[in-house]
Amino acid sequence: MNNEQLLDLVKQMTLEEKTAQLLQLTANFYEGTNVEGQITGPMEEMGITEQSVDASGSILGLSGAQAIIDVQQAYMKKSRLGIPLLFMADVVHGFKTIFPIPLAIGCSWDTELAEKSAEIAARESAVSGLHVTFAPMVDLVRDPRWGRVMETTGEDPYLNSLFAAAFVRGYQGDSLKDEPDRLAACVKHFAAYGAAEGGRDYNTVDMSERNLREYYLPAYKAALDAGVEMVMTSFNTVDGIPASGNEKLMRGILREEWGFDGVLISDWASIREMIAHGSAEDDREAAYRAIRAGVDMEMMTPCYVHHLPELIENGEVDEKLIDEAVLRILQLKEKLGLFDNPLRAADPEREREIVFSKEHRQVSYELATKSAVLLKNDDSVLPLQPDANVALIGPFAQSPDILGWWSCEGVKEDAVKLGTALQERLTGGKVQFAQGSNVHTITAEQIAEALEVASKADLIVLALGEDSEMSGEGGSRTDIRLPAAQLELVKQLKAAGKPIASVIFNGRPLDLHGVIDESDAVLEAWFPGSEGGAAIADVLTGVVNPSARLTMSFPQSVGQIPVYYNHFNTGRPLNPEKTEERYVSKYIDSPNEPLLPFGYGLSYTSFSYGDLEVSSNEMTAEESLSIQVRVTNTGERAGVETVQLYVRDVTGEVVRPMRELKGYVKLALAPGESGTATFTLNEEQLRYHHSDLSHRSDRGEFHLLVGANSRDTQKKSFRLV
Ligand code: BGC
């Protein structure tokens with residue numbers, strides 16, 4: 001259908017049909033009438049009529065090709081104008097083949113593989129009947145207490161933007177119509193949901209507009225530039241106004257300034273939640289505010305269906321607003337090819353063939369090996385030797401709970417467990433197991449058994465972590481250490497006097513005290529997904545040399561939060577040589593620096609850096625700089641080094657961060673081999689938001705900082721003239 005035809009369709013719709021088109025419900029609403037035709041269940045609770053359900057425009061959370069085919073066919077039979085339903089779900093890091101959590105994917109610094117993971121997730125979802133995924137989530141976060149930190153790729157706006165675009169490309173491909181195995185993507189949560197105060201989910205967000213634009217908005221914009229079809233509002237307030245009713249944010253920035261003409265959906269019940277926020281008196285006012293702000297679809301509350309018809313009839317809302325919203329939804333349905341084929345790629349037979357295929361799991365495996373960050377490796381305790389005699393102890397030694405939150409159709413029991421995989425690999429030696437502790441509890445028997453098993457081994461591999469319920473939505477924590485039971489286990493085993501390599505499965509940067517100091521080696525495995533055990537076992541045994549780098553700082557303690565690498569200097573910076581000085585910006589009981597900085601990660605080999613070479617000590621608006629550094633693999637294994645370029649704008653109209661990531665180069669080097677990392681830097685990359693919100697650069701001195709992470713860098717200066 002062309003646009004004229006779609007406009008014509010909108011004209012034929014009654015006001016009730018139009019408002020119902022804006023409604024999104026979960027699948028159980030479609031089972032909402034009992035045999036006598038009475039409204040029951042969630043429909044009754046929400047006061048939604050059968051007519052509204054019958055005419056609603058989309059469904060969330062249903063999947064499975066046959067189930068979707070059935071619902072769509074039944075729906076189409078009833079649909080007066082033949083408008084198909086849209087099926088959406090949270091395919092966040094995989095559909096059934098589960099990839100590592102997004103925070104882990106971020107640590108791979110591998111946008112190509114991230115794109116591939118999204119493409120696979122789209123393929124599995126599409127054959128299972130879905131049309132749209134509520135992903136990517138690109139909320140910038142600087143607070144690891146927030147449970148949803150696992151859904152982001154980290155604390156850096158530049159890197160997050162690269163991943164946002166990669167995920168959108170992977171889900172959507174080039175054409176949703178020509179490629180039915182792709183999904184429309186929905187970037188979320190607009191805006192700044194990740195800045196919830198105190199890291200408490202759904203909490204207040206308040207910041208200057210300049211801060212918002214400089215750090216929080218770029219990743220959403222990157223998703224838009226990559227052509228994302230949908231945007232989801234966030235639960236939080238922005239400058240005192242809930243996002244779902246925030247006209248400045250939605251109509252102003254998103255639609256008018258950025259030209260977004262796709263579908264904007266509210267987050268789950270967030271239109272009605274304006275009442276609890278205190279910005280709408282009732283459902284009617286909430287509907288009024290949301291539609292004026294430009295929200296097209298209402299997820300899981302009935303404010304629109306109940307009140308828009310009346311608001312239009314009495315002239316408070318212009319019908320044009322509803323027509324625009326409906327048109328955008330119909331346009332999306334058309335782009336997906338649903339008017340031609342309402343079933344799109346849904347196909348039970350292909351679903352059986354494709355979903356969770358070996359080929360898909362192989363990509364998940366690869367991504368998991370590239371996402372695990374080696375945080376410590378004293379005396380080269382790792383990799384394990386093939387004939388090593390290992391005691392594998394801890395609640396994650398044989399746990400399938402390694403998929404993480406938002407694992408969609410992923411089945412825990414299908415995940416490859418660490419213990420199983422390690423046993424297969426250490427054929428020359430042996431692996432002895434002990435539970436050691438549960439995630440939250442420990443008993444004297446467990447300790448005794450663990451010590452017994454440890455006494456017979458050369459080395460202890462401790463598999464520790466957070467269960468998947470401890471992060472994700474509604475999973476905020478004030479104490480981000482491992483549970484006390486596991487710290488007790490570490491302490492007890494330390495006394496056994498054997499080398500300890502700890503592997504941690506979790507969804508956020510942790511306060512690692514009590515683990516990192518007691519262990520000889522630490523591998524951050526995150527929630528590695530379906531092939532997690534195989535991937536982590538291959539990293540532990542050196543089949544794969546770890547190459548991931550942290551994309552969030554790991555704090556010394558919760559009291560340091562927020563701690564992030566691109567902070568300001570302050571007027572009284574701490575002099576590292578004079579830490580005893582009092583009237584400087586510091587803590588009296590903790591270093592300022594995080595425990596582990598952004599960009600950090602070790603390898604089983606070592607790299608040495610040559611001198612930094614810069615093409616000129618002056619940059620002009622027209623001429624970029626070329627920056628080079630030669631890196632040599634000085635160890636005995638092939639490895640990948642991620643060479644990172646940071647810039648500091650020494651003096652700005654607005655103060656500028658101590659360093660900001662501007663680029664990175666991955667060098668794969670054989671033992672003894674050297675390679676050159678080359679970066680180009682131009683004036684555009686030096687621009688930032690000034691006090692009047694203009695985006696431009698300042699002349700003057702800049703520092704170039706190049707190195708293996710955000711802390712260990714070499715420096716050169718140049719001037720922008
Ligand atoms: C989450 C969204 C998600 C939606 C639908 C909400 O609670 O905040 O990220 O897409 O539910 O499941």
Q: Mind running the shape call on segment 544-689? Use the C-alpha gyration tensor, a ≥ b ≥ c as the square roots of the eigenvalues: rounded below 1.5 for a/c, prolate if a/b tops b/c, oblate otherwise.
A: oblate
Q: Compute the separation of the alpha-carbon centres of segment 658-687 and segment 345-390 and state it in Å as a whole number.
A: 28
Q.
Taking 23 Å as the cut-off for C-alpha to C-alpha distance, list the pairs among 77/320; 11/333; 116/221 that go past it.
A. 77/320
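Once you sort the root eigenvalues of the Cα gyration tensor of segment 67-202 as a ≥ b ≥ c, which label holds: rounded (a/c under 1.5), prolate (a/b larger than b/c) or oblate (the other case)?
prolate
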Q.
Two decimals, Cα atoms only, Kirkwood Rh: what is Rg/Rh over the chain?
A. 0.99
Q) Restricting attention to segment 43-106, which trypsin sites (Lys or Arg not before Pro) occupy a DSSP loop and are surrounded by at most 16 other Cβ atoms within 10 Å? A) 80
**Q.** Relative contact order %, segment 174-244, counting alpha carbon pairs below 8 Å whose residues are six or more apart
**A.** 43
Q: Find the centroid of the Cα atoms in segment 134-153 and in segment 272-314, then give the distance between the two in whole Å.
A: 27
Q | Charge dipole magnitude, Cβ of K and R +1, D and E -1 - the chain, Cα centre, debye nearest 20 | A | 1560
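Considering only DSSP states other than H, G, I, E and B, which GluC sites (Glu not before Pro) in segment 523-597 qualify as loop sites with at most 16 other Cβ atoms within 10 Å?
Numbers: sites: 524, 531, 577, 580, 581; in loops: 531, 577, 580, 581.
Passing both the DSSP loop test and the Cβ count: 577, 580, 581.
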Q. Counting only DSSP beta bridges with both residues in the chain, what percent are antiparallel, rounded to the nearest 5?
A. 55
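When a footprinting reagent is the concern and you count Cβ atoms within 10 Å, what order do 609, 220, 365 take, fewest first? Please report the intermediate quantities before stating the final value.
Details: 609 18, 220 28, 365 23.
Ascending Cβ contact count within 10 Å gives the list 609, 365, 220.
Between residue 316 and residue 350, what length in nm is gained on full extension when 0.36 nm per residue of separation is reduced by their alpha carbon distance?
7.3 nm
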Q | Relative contact order of the chain, defined on C-alpha pairs under 8 angstrom at six or more residues apart (%) | A | 13
Q. Among 351, 359, what is the fewest-to-most ranking by other Cβ atoms within 10 Å?
A. 359, 351
Q. Which shape class, rounded, prolate or oblate, goes with segment 387-458 when its Cα gyration tensor gives a ≥ b ≥ c as root eigenvalues, a/c under 1.5 marks rounded, and past that a/b bigger than b/c marks prolate?
A. oblate
Q | Positive-end residue, the chain charge dipole about Cα centroid, Cβ charges, pick of 381, 565, 269 | A | 381
Q | Förster-model FRET efficiency, 45 Å R0, residue 209 and residue 424, C-beta, rounded to 0.05 | A | 0.25
Q. Residue 662's amide H: which non-local residues (gap 5+, or another chain) put their own amide H closer than 5 Å, with H modeled 1.01 Å from N in plane and none for Pro or chain starts?
A. 645, 646, 647
Q. Can you give the helix-only mean residue ellipticity at 222 nm for the chain, where every DSSP H stretch with n ≥ 4 adds -39500 (n - 2.57) and the sum goes over all residues, rounded to the nearest 500 deg cm²/dmol?
A. -8000 deg cm²/dmol
Q.
Can you find, among 503, 7, 679, the residue sitting farthest towards the positive end of the charge dipole of the chain, where Lys and Arg contribute +1 and Asp and Glu -1 at Cβ?
A. 679
Q) Cα to Cα, under 27 Å, and not fewer than 8 places away if on the same chain: which lysines meet these conditions relative to residue 456? A) 376, 417, 430, 491, 494, 498
**Q.** Relative contact order (%) - criterion: Cα under 8 Å, at least six apart; region: segment 634-686
**A.** 40
**Q.** segment 123-145 residues near the modelled residue 257 label - backbone nitrogen below 17 Å, point 7 Å along Cα→Cβ
**A.** 140
(Q) Given a Förster distance of 56 Å, report the FRET efficiency between residue 589 and residue 54 from their Cβ-Cβ distance, rounded to the nearest 0.05. (A) 0.35
Q: Report the local net charge at residue 686: Lys and Arg +1, Asp and Glu -1, summed over other residues whose C-beta lies under 14 Å from its C-beta.
A: -3
Q: Distance between Cα centroids, segment 61-76 to segment 204-228: provide it in whole Å.
A: 36
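We did not get these values from a lab; they are worked out from the coordinates using the rules stated. Being a predicted model, the structure only gives us computed values, none of them experimental. Glycine also receives a Cβ, built like all others from the backbone with ideal geometry; neighbour counts cover every protein chain displayed.
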